[in-house]
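The values are calculated or read from the model by the stated rules, or taken from the named source; none is laboratory data. All figures in this text were calculated on a predicted structure; none of them were measured in a lab. As a convention, Cβ positions derive from the backbone with ideal geometry for all residues, glycine included, and neighbour counts pool all protein chains shown. Calculation scope for accessible area: heavy atoms of the full protein, side chains included, ligands and nucleic acids excluded. Shrake-Rupley method; radii C 1.70, N 1.55, O 1.52, S 1.80 Å.
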Amino acid sequence: MSTELRTVTASDYPDWLRAVHTGFLRPLADTEQDVAERLAHTDLSRVQGVFDNGRCVATFRSFPQELTVVGGATVRADAISAVTVTATHRRRGLLRRMMTADLAAAKERGDMAASLIAAEYPIYGRYGFGPATWTTEWEIDVPRAGLDPHRPALSEADGGSVALVDGADVRKLGPELHARLAARQPGVVSRDERWWELHTGVGVPAHEGWTEPFYGVYRTADGAVDGLIVYRAGTEWSDSKQPLNKATVSGLIAVTPAAERALWSYVCSIDWITRVRTGHRAPDDLLPLLLPDPRAARTVTQADWLWLRLLDVPRALEARTYATEATLVLDVHDTTGPAAGRFRLDVSPSGASCTPTTQSADLALDVRELATLYLGDESALRLAALGGLEENRAGAAASADAVFRTARRPWCPDVF
């Protein structure tokens, strides 16, 4: 049977949304009001669907995004989401058709990269994506952590304080705090006004079971908001009337170590809380070592997170900063997109230049490996050992390692 790939219209949208829910194995519970609310905040020009006899059987959506790169600059990214192919139509090239169309449009718009959170690892490497950040989640056994319940949870030295606020306060305070985080943390992606509404309960479909979380902000002695924590707590008691309650953190932003320490200390000091689930954090988060006994923080998740696909190699490499002075000639392979070419990259702490060249390559690598190196998380030496890049000049992989790696790991707090 023939299938038709097309841009989704308003009349197509309810069927498209049904296909999204089907693909992610979610209940088909949207009311007409829910559909209308989602549609009002969706740019249909960037929504694709594949239709078979009028029924949507594959879905794809993208939206504009700003991605923080090393050094604090942001680049325009094509954020990809809602990718599904119905089980009855797998292995027919439907995803490739949608991805090819979207990446071509992104390149035409001038986006430097495409981004996504991969539900499954094996899918996206074939389209030039590579994992650029990883995530770790811990569960803290609070009684074992060694925190002194008789001492204040906060550091008395800096004069800071934690106060509970409501969703309206978060919508006012959160965007500026997030912008400060984005200016310093590679891997952070932009949040629009709609993001803040949805994450404070505004416009969330009733069937998704929204419950108001607790919001806490950390203020410095002079009143500046340097941190925000969002968490929910359960109610569980043992047969002997001992509390077994768990706090689950869904978000923590801290722009100073003092704020980070204070917010983790706060949530671990709440009466009756015996376990704290941290949510997705950077793999080198300070948290375990903030505890007197770091073993009390048990790793429960360690996985790839934000995937990138470079669309404009020269502009992307020039957008980030570098801590060393070096020259590398990179032969970039890209069989499915626009990033192929040989490029001379000259870097120093004062800036970078990346231009096409005919010089002999120092390193040959696929665009997906370049994406993995881009935010500084991966080792070029490790990729070489795995066969992910070819060293054409002795010592080139070590040089690339010094060029791309960063002192702290990139981190993306969001799923999209």
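The table below gives the values:
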item	result
So T235, is it free of Cβ contacts under 8 Å to residues at least 40 places away in the same chain, in a strand (DSSP E or B) and among the β-branched types (V, I, T)	no
Among (1) out of contact with any Pro (no Cβ under 9 Å at 6 or more places or on another chain); (2) within 22 Å of V300 (Cα to Cα), the one test that S250 misses	(1)
Residue pairs meeting the criteria (Cβ under 9 Å; at least 6 apart or on separate chains; first more than 20 Å from G337 (Cβ to Cβ) and polar (S, T, N, Q), in segment 366-380; second in a helix (DSSP H, G or I) and open to solvent by 10 Å² or more (accessible area, probe 1.4 Å))	S379/A385; S379/D401
Those residues of segment 22-34 which are of a type outside the set (S, T, Y), crowded, with 16+ Cβ neighbours inside 10 Å and either at pLDDT 95 or above or touching a strand residue (DSSP E or B) at 6+ places or on another chain (Cβ under 8 Å) (or both), in sequence order	G23
Hits in segment 379-389 (condition: open to solvent by 30 Å² or more (accessible area, probe 1.4 Å) and either assigned to a loop (DSSP other than H, G, I, E, B) or within 25 Å of D111 (Cα to Cα) (or both))	L386, G387
Pairs with Cβ under 6 Å, 6+ apart, first in segment 104-124 and closer than 17 Å to L375 by Cα, second open to solvent by 40 Å² or more (accessible area, probe 1.4 Å) and modelled with pLDDT of 95 or more	D111/R76; M112/R76; M112/R315; I117/V415
Close pairs (8 angstrom Cβ cut-off, 6 or more residues apart or separate chains): open to solvent by 60 Å² or more (accessible area, probe 1.4 Å) in segment 268-284, of a type in the set (F, W, Y) and part of a loop (DSSP other than H, G, I, E, B) anywhere	H280/W305
Matching residues in segment 188-223 - criterion: being hydrophobic (A, V, I, L, M, F, W, C) and open to solvent by 40 Å² or more (accessible area, probe 1.4 Å)	W195, L198, V202, A206, W210, F214, A221
Within segment 338-359, considering residues that are surrounded by 20 or more Cβ atoms within 10 Å (Cβ to Cβ) and touching a residue at least 40 places away in the same chain (Cβ under 8 Å), the one nearest to L95 (Cα to Cα)	A339
Cβ pairs under 7 Å, 6+ apart, first in segment 389-410 and free of Cβ contacts under 8 Å to residues at least 24 places away in the same chain and farther than 9 Å from D362 by Cβ, second open to solvent by less than 80 Å² (accessible area, probe 1.4 Å) and not hydrophobic (A, V, I, L, M, F, W, C)	D401/S379
Answer from V50, V70 - the residue that is touching a Leu at 6+ places or on another chain (Cβ under 6 Å), modelled with pLDDT of 95 or more and either open to solvent by 40 Å² or more (accessible area, probe 1.4 Å) or over 21 Å from E108 (Cα atoms) (or both)	V50
